[in-house]
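*Asks:* Mind having a look at this structure? Questions to follow.
The values are calculated or read from the model by the stated rules, or taken from the named source; none is laboratory data. All values reported here derive from a predicted model rather than from experimental measurement. Note that we place each Cβ from the backbone using ideal geometry, even for glycine, and neighbour counts take in every protein chain shown.
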Protein chains: 2
Amino acid sequence: MCSEPSFTFELQAADGAARAGVFHTPHGPIPTPIFAPVGTQATVKAMTPAQLSELGCSLVLANTYHLFLRPGEDLVAEMGGLHEFMQWHGPMLTDSGGFQVFSLGPLRKIDEDGVTFKSYIDGSMHRLTPESSIGVQEKLGADIIMAFDECADPFDKAYNERAMARTHRWLERCIKAKQRPDQALFGIVQGGIFADLREESAKFVSSFDLPGFAIGGLSVGESKEDMNKMMEVVTPILPQNKPRYLMGVGSPEDLVNGIWRGIDFFDCVLPTRLARHGAAMTFNGRLNMVNQKYTHDPKPIVEGCTCYTCQHFSRAYIRHLLQNKEMLAATLLSIHNIHTLEELVRQARAAIFAGTYDAFAENFLANYH
Amino acid sequence: MCSEPSFTFELQAADGAARAGVFHTPHGPIPTPIFAPVGTQATVKAMTPAQLSELGCSLVLANTYHLFLRPGEDLVAEMGGLHEFMQWHGPMLTDSGGFQVFSLGPLRKIDEDGVTFKSYIDGSMHRLTPESSIGVQEKLGADIIMAFDECADPFDKAYNERAMARTHRWLERCIKAKQRPDQALFGIVQGGIFADLREESAKFVSSFDLPGFAIGGLSVGESKEDMNKMMEVVTPILPQNKPRYLMGVGSPEDLVNGIWRGIDFFDCVLPTRLARHGAAMTFNGRLNMVNQKYTHDPKPIVEGCTCYTCQHFSRAYIRHLLQNKEMLAATLLSIHNIHTLEELVRQARAAIFAGTYDAFAENFLANYH
């Protein structure tokens with residue numbers, strides 16, 4: 001732990017709305033734009049931290065909701081915090097638990113003070129409030145922590161008005177509750193698919209001098225057009241000199257579109273979840289590696305790909321592993337999929353520096369199916 | 001592929017019956033005594049080849065029975081053979097399929113020519129004979145291939161007499177069938193727990209000028225005393241200048257006892273199977289890492305252990321992974337368990353060079369529970 005950490009964001013280049021920069025954390029710098037793989041239960045599924053390092057990952061996410069329920073934030077704190085516990089020594093981010101809790105539907109009850117919900121593990125009742133979410137995240141000890149927000153159905157305007165207003169009141173409580181100087185608290189903009197609400201939320205949230213800002217409540221069922229439109233409404237309002245984080249977004253086309261509209265951070269379970277289901281991500285779309293057409297295919301998933309998987313293994317071998325339900329399939333496909341997204345943000349960053357992001361994005365989207 | 005490979009065995013040191021040496025193969029040297037992890041379906045479960053290399057593994061096994069049924073030896077050959085297919089570039093060994101086929105019980109039918117059996121995948125009927133087992137193993141392309149043998153119930157003397165005699169006839173057929181000069185065929189001694197049969201079998205099998213000899217049909221339910229006694233009967237008969245391989249044996253105490261009686265090679269699924277069930281192997285016995293007593297335990301599985309798992313992760317973290325059924329648990333425990341056996345054979349080898357193997361073995365067995 002560093003006693004005087006500075007969560008500064010250096011903006012290094014801009015190309016239209018797209019930006020390249022570096023966000024400094026106590027556990028090292030995060031070059032942006034960046035994609036963060038998700039280690040829900042303090043492990044990026046089927047991967048060792050050494051494999052994540054080899055992939056050039058800089059930021060790793062963990063989920064407060066899951067760790068709060070098991071093994072509990074006190075145990076993680078006792079083991080020296082998340083970095084020590086899971087042995088990821090680079091920058092980390094925890095969400096607030098809000099999104100998962102609100103996804104529980106009938107299993108949770110919201111009031112002005114917080115949310116009461118049922119554990120998915122043993123049915124026991126638990127409660128999170130803005131203060132306790134921050135308390136849990138302080139015990140987990142990630143570099144970046146998130147405000148506790150209310151995630152509404154994106155299509156219900158009346159609900160979004162109420163949820164946004166509550167998210168704003170809760171943000172003030174999170175800011176007051178926060179104590180650790182070595183953690184950066186990001187505020188979250190809500191407002192569903194409604195431009196006026198998003199605008200109001202972006203103005204309110206960015207009125208606080210926070211080290212970073214997130215856009216929540218997207219990639220939850222709305223159209224790509226709505227997602228892009230909401231980013232176009234929000235990012236011009238957010239301060240230029242602070243990073244912007246589009247939460248839960250991780251498909252290649254969404255990354256390209258998000259960066260185009262000024263997003264700096266992304267996270268998603270997509271690359272590892274697809275891997276466990278036998279799908280490989282490429283710059284041209286997904287490949288279902290169980291497909292019979294790969295049975296005799298000696299080529300790597302992507303020719304020229306520099307990941308460990310593509311440097312060594314054939315499509316035929318990966319299909320064989322999937323057919324036999326071998327764990328190595330999930331590991332090799334996770335390596336390839338995370339590499340694909342890290343390579344995508346590296347190329348995007350280079351294009352921003354080169355001032356060619358428009359062409360990069362147009363070309364990428366034209367070839368992605 | 002090497003056109004003139006030499007499967008020579010250099011005996012470097014002996015201490016009583018225990019031996020240290022090097023067996024040379026086209027894919028590199030195997031220092032002995034050696035423990036080989038098992039990659040049943042052309043993958044050591046939950047491990048990348050890079051992780052196996054880091055562990056200092058030299059020999060890796062694959063199972064002919066499984067690969068014959070899926071993906072089929074022709075596909076593996078088409079992909080350049082097992083080494084290329086699974087990307088293990090060190091020495092490899094395939095078994096003959098005999099043991100697995102005979103374990104099928106009512107699902108297989110034996111005749112003098114071979115065995116007909118039902119696929120565990122789709123119920124289809126298949127057949128292996130001494131000739132076709134060698135043919136399959138030649139297509140798979142391991143450095144060391146095994147004779148097709150009949151594995152009998154170790155306690156049934158009449159059956160063992162018949163099975164041994166057939167194994168001997170089949171060995172002659174395997175030797176005739178074998179064509180590839182870059183593969184070493186090992187003969188297998190059978191005879192159950194009967195000293196007279198084991199003696200007869202050892203004499204017969206070692207009458208052939210083969211590059212190595214195996215003891216089959218042990219570690220299948222007989223007592224440790226019987227296993228040790230059979231080794232004591234067989235190893236003095238086998239030629240000194242050829243490696244001896246105790247098939248399917250992998251518990252630490254069996255390795256120590258085997259080396260003490262002149263065994264050079266071991267293989268077993270034990271370290272990876274135990275790992276998937278949450279058990280850690282140590283020089284003092286097994287630890288069930290799901291045990292509640294490890295919940296708050298910040299220590300590594302074994303203090304001072306130099307494996308990646310113990311150098312980084314706490315017992316508490318490994319228990320957390322197991323509780324959450326995270327795949328990383330199997331990987332981390334497989335790394336530790338294989339390391340434990342590789343470290344055990346390295347220490348045994350050093351003790352043989354030092355002429356202190358008796359003390360090493362006595363001390364080890366006194367502390368192993």
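*Asks:* Quick one: how many residues across region A:68-87 are of a type outside the set (Val, Ile, Thr) and in contact with a helix residue (DSSP H, G or I) (Cβ under 6 Å, 6 or more places away or on another chain)?
*Replies:* Result for region A:68-87: 8.
*Asks:* Whether any residue in region B:349-369 is modelled with pLDDT under 95 and more than 14 Å from every other protein chain (Cβ to nearest Cβ) is what I want to check.
*Replies:* yes
*Asks:* Another one. Listed residues A:223, A:207, A:219; which is crowded, with 19+ Cβ neighbours inside 10 Å, small (Gly, Ala, Ser) and out of contact with any Phe, Trp or Tyr (no Cβ under 7 Å at 6 or more places or on another chain)?
*Replies:* Every option except A:219 fails the conditions.
*Asks:* Give the residues of region A:258-273 that are surrounded by 21 or more Cβ atoms within 10 Å (Cβ to Cβ) and either in a loop (DSSP other than H, G, I, E, B) or more than 15 Å from the chain's Cα centre (by Cα) (or both), sorted by residue number. Walk me through it before giving the result.
*Replies:* Start the filter on region A:258-273 by keeping residues that are surrounded by 21 or more Cβ atoms within 10 Å (Cβ to Cβ), which leaves A:258-268, A:270-272.
Listed by number, the residues that qualify are A:260, A:261, A:262, A:263, A:264.
*Asks:* On the basis of being within 14 Å of chain A (Cβ to nearest Cβ) and in contact (Cβ under 8 Å) with a residue 40 or more places away in the chain, does residue B:272 make the cut?
*Replies:* When the stated conditions are applied, residue B:272 passes them.
*Asks:* Are any residues in region B:274-295 of a type in the set (Ser, Thr, Tyr) and assigned to a strand (DSSP E or B), and if so, which ones?
*Replies:* Going through region B:274-295, the residues of a type in the set (Ser, Thr, Tyr) turn out to be B:282, B:294-295.
Hit for region B:274-295 is B:282, nothing else.
*Asks:* Would you mind listing the strands (runs of 3 or more DSSP E) fully within region A:17-65 where at least 2 residues are touching a residue at least 60 places away in the same chain (Cβ under 8 Å) and more than 14 Å from chain B (Cβ to nearest Cβ)?
*Replies:* A:18-25, A:28-32, A:34-37
*Asks:* Go through region A:281-315 and give me each residue that's of a type in the set (Lys, Arg), within 12 Å of another protein chain (Cβ to nearest Cβ) and surrounded by fewer than 14 Cβ atoms within 10 Å (Cβ to Cβ).
*Replies:* Result: A:299, single match.
*Asks:* Would you check if residue A:150 is within 14 Å of chain B (Cβ to nearest Cβ) and charged (D, E, K, R)?
*Replies:* no
*Asks:* Oh, and also: Taking the options A:217, A:221, A:278, A:248, name whichever one is more than 16 Å from residue A:335 (Cβ to Cβ), away from every other protein chain (no Cβ under 14 Å), out of contact with any Lys or Arg (no Cβ under 6 Å at 6 or more places or on another chain) and at pLDDT 95 or above.
*Replies:* None of the other options fit; the residue is A:248.
*Asks:* Would you check if there is a residue in region B:316-324 being surrounded by fewer than 24 Cβ atoms within 10 Å (Cβ to Cβ), out of contact with any helix residue (DSSP H, G or I) (no Cβ under 6 Å at 6 or more places or on another chain), within 14 Å of chain A (Cβ to nearest Cβ) and closer than 20 Å to residue A:272 by Cβ?
*Replies:* yes
*Asks:* In addition: Might you let me know whether region B:76-95 holds any residue that is within 11 Å of chain A (Cβ to nearest Cβ), among the β-branched types (Val, Ile, Thr) and crowded, with 24+ Cβ neighbours inside 10 Å?
*Replies:* There is at least one residue in region B:76-95 that is within 11 Å of chain A (Cβ to nearest Cβ), among the β-branched types (Val, Ile, Thr) and crowded, with 24+ Cβ neighbours inside 10 Å.
*Asks:* Still on this structure, please answer the following. Are any residues in region B:337-369 touching a strand residue (DSSP E or B) at 6+ places or on another chain (Cβ under 8 Å), surrounded by 15 or more Cβ atoms within 10 Å (Cβ to Cβ) and of a type in the set (Asp, Glu), and if so, which ones?
*Replies:* B:342
*Asks:* With the condition being among the hydroxyl-bearing types (Ser, Thr, Tyr), I'd like the helices (runs of 4 or more DSSP H) fully within region A:298-363 carrying at least 3 qualifying residues.
*Replies:* Numbers: elements: A:308-312, A:315-323, A:327-354.
Output list reads A:327-354.
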